[in-house]
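I have placed the structure first, in the form of structure tokens, so that the comments after it can refer back to it.
The values are calculated or read from the model by the stated rules, or taken from the named source; none is laboratory data. Keep in mind the model is a prediction, meaning the values are calculated, not measured. Glycine also receives a Cβ, built like all others from the backbone with ideal geometry; neighbour counts cover every protein chain displayed.
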Amino acid sequence: MMPLGRPFDGFVEHTKRVSPTCLVTFERNRYSVPASFANRPVSLRIYPERIVAAAGGQILCEHPRIIDRSHQKPGRTVDWRHYLAVIQRKPGALRNGAPFAELPEAFRQLQSQLLKRPGGDREMAEILALVLCHDEQAVLCAVELAIEAGVAAKTHVLNVLHRLTRRQGACGIPDRRASGSGPEPGAACQCRAL
């Protein structure tokens with residue numbers, strides 16, 4: 001008997017241009033891609049249950065596929081992480097940007113406090129940008145601890161995050177730069193004992 005080969009990776013591939021708002025359209029539904037690919041072509045790999053965007057041989061993102069046969073309002077799947085480069089240049093987009101309505105609760109609480117003062121939108125954009133180089137759960141944990149302490153400030157969040165990542169063996173939150181892995185969905189803050 002011959003050994004089994006790898007499983008068949010069956011998908012249909014389409015080339016699509018990403019809109020200036022970082023969305024790609026397939027079957028009347030829109031899916032977000034990272035902002036660095038705005039106005040550029042990407043390859044969409046269409047699976048029965050998911051959509052994968054790729055460019056230059058690299059997978060950019062993956063979304064669950066929206067299959068809706070009604071001719072009502074088209075669907076949209078947006079990941080706020082894809083827009084971090086945009087808010088670093090235009091932090092005012094945090095106030096009314098549709099992608100940021102999906103932020104985790106701790107980020108939204110911090111945002112409501114920071115946007116009450118001048119320069120708070122830029123400060124919030126810098127805190128969200130921490131997700132690019134640290135594990136999202138570690139940043140969320142640091143934000144939660146800062147809110148509990150009653151100090152809604154970027155410097156305090158950075159200080160707490162530094163302590164959390166320095167004690168990564170104790171709380172189980174690795175630095176994304178070291179591990180290369182993303183956050184575990186739905187994981188709770190495990191770092192309450194500082």
Notebook entry, point to check: Within region 146-155, is there a residue that is farther than 30 Å from T21 by Cβ, surrounded by 21 or more Cβ atoms within 10 Å (Cβ to Cβ), hydrophobic (A, V, I, L, M, F, W, C) and at pLDDT 90 or above?
Noted result: yes
Next item on the list: Considering every residue within region 105-117, establish whether at least one is without any contact (Cβ under 8 Å) to a residue 24 or more places away in the chain and of a type in the set (F, W, Y).
Entry: no
Check: Quick one: which of P74, P99, P91 is touching a residue at least 40 places away in the same chain (Cβ under 8 Å) and either touching a Cys at 6+ places or on another chain (Cβ under 6 Å) or not in a helix (DSSP H, G or I) (or both)?
Finding: P74
Item checked: Criterion: more than 20 Å from L164 (Cα to Cα) and touching an Asp or Glu at 6+ places or on another chain (Cβ under 9 Å) - qualifying residue of R122, R89, R76, R81 -> R81
Notebook entry, point to check: Does region 2-26 hold any residues that are assigned to a loop (DSSP other than H, G, I, E, B) and closer than 21 Å to H82 by Cα, and which are they?
Noted result: V18, S19, P20, T21, C22
Item checked: Criterion (at pLDDT 90 or above, in the same structural domain as Y47 (by TED's automatic domain parsing) and buried (at least 16 other Cβ atoms within 10 Å of the Cβ)) met by exactly one of L60, L128 -> L60
Next item on the list: Looking only at region 96-109, decide whether some residue is on the phi < 0 side of the Ramachandran plot, among the polar types (S, T, N, Q) and assigned by TED's automatic domain parsing to the domain that holds Q137.
Entry: yes
Notebook entry, point to check: Residues of region 50-71 being outside any strand (DSSP E or B), farther than 16 Å from E13 by Cβ and within 20 Å of the chain's Cα centre (by Cα), which ones?
Noted result: I66
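Per-residue answers, yes or no, for (1) at pLDDT below 85; (2) of a type in the set (A, V, I, L, M, F, W, C):
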{"position": "L94", "(1), (2)": "yes, yes"}
{"position": "E105", "(1), (2)": "no, no"}
{"position": "D121", "(1), (2)": "no, no"}
{"position": "H134", "(1), (2)": "no, no"}
{"position": "V157", "(1), (2)": "no, yes"}
{"position": "C171", "(1), (2)": "yes, yes"}
{"position": "S179", "(1), (2)": "yes, no"}
Notebook entry, point to check: In region 17-53, how many are touching a Ser or Thr at 6+ places or on another chain (Cβ under 8 Å) and surrounded by fewer than 16 Cβ atoms within 10 Å (Cβ to Cβ)?
Noted result: 4
